[in-house]
1. Pick from region 243-263 the residues that are without any contact (Cβ under 8 Å) to a residue 40 or more places away in the chain and not in a loop (DSSP other than H, G, I, E, B): which of them is nearest to the chain's Cα centre (by Cα)?
2. Of all residues in region 375-395, which are outside any helix (DSSP H, G or I), touching a residue at least 24 places away in the same chain (Cβ under 8 Å) and touching a Lys or Arg at 6+ places or on another chain (Cβ under 7 Å)?
3. Answer yes if at least one residue in region 353-364 is surrounded by fewer than 18 Cβ atoms within 10 Å (Cβ to Cβ), assigned to a loop (DSSP other than H, G, I, E, B), of a type in the set (Gly, Ala, Ser) and out of contact with any Gly (no Cβ under 8 Å at 6 or more places or on another chain), and no otherwise.
4. Looking at (1) surrounded by 20 or more Cβ atoms within 10 Å (Cβ to Cβ); (2) hydrophobic (A, V, I, L, M, F, W, C); (3) farther than 23 Å from Glu354 by Cα, which is the one condition that is false for Ile442?
5. Where in region 136-231 are there helices (runs of 4 or more DSSP H), lying wholly inside it, with at least 2 residues that are of a type in the set (D, E, K, R) and under 19 Å from Thr61 (Cβ atoms)?
6. Can you tell which of Ala232, Ala257 is within 18 Å of Asn273 (Cβ to Cβ), buried (at least 20 other Cβ atoms within 10 Å of the Cβ), touching a Leu at 6+ places or on another chain (Cβ under 8 Å) and of a type in the set (Gly, Ala, Ser)?
7. Would you pick out the residues in region 47-92 that are in contact (Cβ under 8 Å) with a residue 60 or more places away in the chain and among the charged types (D, E, K, R)?
8. What is the one condition in (1) in contact (Cβ under 8 Å) with a residue 12 or more places away in the chain; (2) outside any helix (DSSP H, G or I) that Leu120 does not satisfy?
Amino acid sequence: MGLEAVPSKENTTRKSGILLHPTSLPSPYGIGDLGDGAYQFVDFLESSNQTIWQVLPIGPTGYGDSPYQAFSSFAGQPLIISPQKLYDMGLLNDEDISDVPEWNQYMIDFGPSIIYKISLLKKAYEHFKVLDNKAITKEFDAFCKAEKAWLEEYSLFMATKDFHNGIVWQEWDAEIAFPTDKSKKAWAKKLADGVAYYKFIQFIFYKQWLAVKDYANSKGIQIVGDIPIFVAMDSADVWGHKELYYLDSKGYPVVVAGVPPDYFSATGQLWGNPLYDWDAHKETDYIWWINRISHQLKLCDVIRIDHFRGFEAYWAIPYGDKTAENGEWRKGPYKELFFAIEKALGDNLPIIAEDLGDITPEVLDLRDTFKLPGMKILQFAFDDVSENDFLPHYYTENSVAYTGTHDNDTTFGWYVKATEKAQDKVRRYMNTDANQVCWDFIRILFSSVSKWTVVPMQDVFSLGDWARMNTPGTASGNWGWRYSSDMLTPDLAAKLADVSDLFGRNQ
């Protein structure tokens, strides 16, 4: 499970797997978690002869519930902590979980489920404070020491955010919004219990996440993580390292991230993330990025970097604009950043480059210089009925091919809405009547030359557009899909294993 895991010209192993975010796992507690559902899913991957489990970013989410807008680039998502595992540790009792609400098995109701889940986590923390278990206490202390570099800052940020009733850090009391070492120590003492709570939550997350990862790795399954290139404005990253971003004197961005009008949106996408001051990063030899990549590779075997093209040039939009239309392209750090990462972490970086969208020759050169696999999206092959690079007969070996991603409709949903010309090309290209179009897509994807192929779980289930994970440009109604445990049938596993074996994957 080392650095050689990423597909490259030197690695001829053909792999396949499934894209599934942990929130989509079955759980009786309203939102997918790292309990029995996670282990059942790993067992399904093994029985279906898959060796990749790809997830979305696993950081703590805020308003909008997007995994791509987290309070920290280093902390884990508290909402996927398993209450059952807390019970097994003696951190919840029978009374705590005796009255579990009835939740929709197929869609997360984020508001009520977050309130309920946080209430359980706070109960677990109260039990932890009085728990007479020296082994757990020792383990917690060791975790806090090992992760101090980011944990202290994150925990103080979150405790201070709670103290200010959740408002953005720019609106906090000035002495902690723009703190000195002295004021940080004063606030850490003032909010000591809240700081300790957030350290405890991260301890539990890491314990549960790494246990699932170890279980997957023991079965020959690699975890592919995902990091957004940019960080959220309201995050410990920006609050604690203001000098690394283009901010005004009040801490607000001068320019923000997004992309110009494209396939997904006629007015572009206005993400709103603050943009990096790359000159400031260069002065530190890119240590923040090196630490970020290194840290994520403790949690995952491989990482996909979302919006990879932003390292070559990024779209800078004036802060306050309502759309992304009035932005401008600015140059990024380009190869210099990756040379620094290679120098610190070694070559053959286990990174997948999300190289979709408005891609220039310079972006391709950056990707290929470091032998990073790019992405191919099969749905895109038929949006344009003329010849295009997303048709499988144009794929290259050093690529990761998908039927669709979290930003696409499900394949069934896409096909139903596609033009007659697109549907016709699908049928002729795949020599099919499209009665099982999701499996037609899976079959031709697996037959491609791409070293790795990944299929969203919704396509394995052949689900319609109601199961779509995200619609870019929309602020609500996303990220909520999940499945029930009875959907993982032996017949489905056998069907997936058969296609995988037929085309020489995972052998």
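The values are calculated or read from the model by the stated rules, or taken from the named source; none is laboratory data. Treat the numbers as computed from the prediction; the structure is a model and nothing was measured. So basically every Cβ, Gly included, is an ideal-geometry build from the backbone, and we count neighbours across all protein chains shown.
1. My answer is Tyr245.
2. Correct list: Val385, Tyr395.
3. Taking region 353-364 first, the residues surrounded by fewer than 18 Cβ atoms within 10 Å (Cβ to Cβ) are 357-362, 364.
Those still in the list that are assigned to a loop (DSSP other than H, G, I, E, B) too: 357-360.
Those left that are additionally of a type in the set (Gly, Ala, Ser): 357.
Those left that are additionally out of contact with any Gly (no Cβ under 8 Å at 6 or more places or on another chain): 357.
Checking region 353-364: at least one residue is surrounded by fewer than 18 Cβ atoms within 10 Å (Cβ to Cβ), assigned to a loop (DSSP other than H, G, I, E, B), of a type in the set (Gly, Ala, Ser) and out of contact with any Gly (no Cβ under 8 Å at 6 or more places or on another chain).
4. Going through (1) surrounded by 20 or more Cβ atoms within 10 Å (Cβ to Cβ); (2) hydrophobic (A, V, I, L, M, F, W, C); (3) farther than 23 Å from Glu354 by Cα one by one, Ile442 breaks only (3).
5. Values: elements: 148-163, 174-177, 181-190, 192-218.
The helices (runs of 4 or more DSSP H) meeting that bar are 148-163.
6. Details: Ala232 fails: touching a Leu at 6+ places or on another chain (Cβ under 8 Å).
Testing whether each residue is within 18 Å of Asn273 (Cβ to Cβ), buried (at least 20 other Cβ atoms within 10 Å of the Cβ), touching a Leu at 6+ places or on another chain (Cβ under 8 Å) and of a type in the set (Gly, Ala, Ser) leaves just Ala257.
7. Asp65, Lys85
8. Looking at each condition in turn, Leu120 falls short on (2).
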